[in-house]
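Here's the structure, in structure tokens; my notes come after.
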Amino acid sequence: MLKNNKLDEMQEQKLLKIEHNGCWGAFWGLLAAMVIQLLTGAEPQAVAGEWLVFMALALYMGVACMHAGIWDRRLSNSWKVNLVISLIAALCVGLFQFAFTYLRFHKPVGSLWGAAILTGVTFVLCFAAISIAGRITKKRQAALNSEPEEDEEQAGGKP
């Protein structure tokens, strides 16, 4: 009943694009909602539900892409790109941490030190995680490229 696809190829491509945009809209919308809530004074426990959904979505997409051997549509899988992405992520986390602590405690020096430390830790962890994910993806790409296609086996005379 639900297994029959009633869409033609054009409709299927349009639906995939709609789902793609919806997924990324939800991903970035959840992140923005959490940041806004935290910066406007919400307790961290108040965004726990959103955080769980956000992390589950991020983890699923990351693992699914690595399993499929897909790195990114536009970015290359190189240490230079990983370095830049890690730096951007670390600066975003550092700016958020500074704003969060400064708005709560009004101590600029302490907020700056806390943000600096968290920026450094985030950079190191992010670079390590992205580099490991990149290696896993490259290995998976190599494994997928070395596997014979089912169509080629069937074309070789097997019934």
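Using the Cβ-Cβ distance between Trp79 and Ala116 with R0 set to 25 Å, the FRET efficiency works out to roughly 0.55.
Would you mind classifying region 72-159 by shape? Square roots of the alpha carbon gyration tensor eigenvalues, ordered a ≥ b ≥ c; an a/c under 1.5 is rounded, otherwise it is prolate if a/b is larger than b/c and oblate if not.
Prolate shape, in that a/c is at least 1.5 and a/b is the bigger ratio.
Classify region 12-68: rounded, prolate or oblate, from the alpha-carbon gyration tensor (a ≥ b ≥ c, eigenvalue square roots; a/c under 1.5 rounded; otherwise prolate if a/b is larger than b/c)? The shape class here is oblate.
Shape class for the chain: oblate, because the ratio a/c of the largest to smallest gyration tensor axis (alpha-carbon atoms, square roots of eigenvalues) is 1.5 or more and b/c is at least a/b.
Compared with the dominant principal axis of the Cα atoms in the chain, helix 79-105 is inclined by about 40°.
With the simple spin-label model, which puts each label point 7 Å out from Cα in the Cβ direction, the Lys139 to Ala48 separation comes to 3.5 nm.
Roughly what angle does helix 48-68 make with the longest principal axis of the chain, taking Cα atoms, 0 to 90 degrees, to the nearest 10? Between helix and principal axis, roughly 40 degrees. Against the longest principal axis of the chain, how steep is helix 9-39, in degrees 0 to 90 to the nearest 10, with axes from Cα atoms? The two axes meet at around 10 degrees.
A short reminder: the numbers here are calculations on the coordinates, not readings from a lab. Remember, predicted model here, so these are calculated numbers, not experimental data. Glycine gets a Cβ as well: all are built from the backbone with ideal geometry, and neighbour counts include every protein chain shown.
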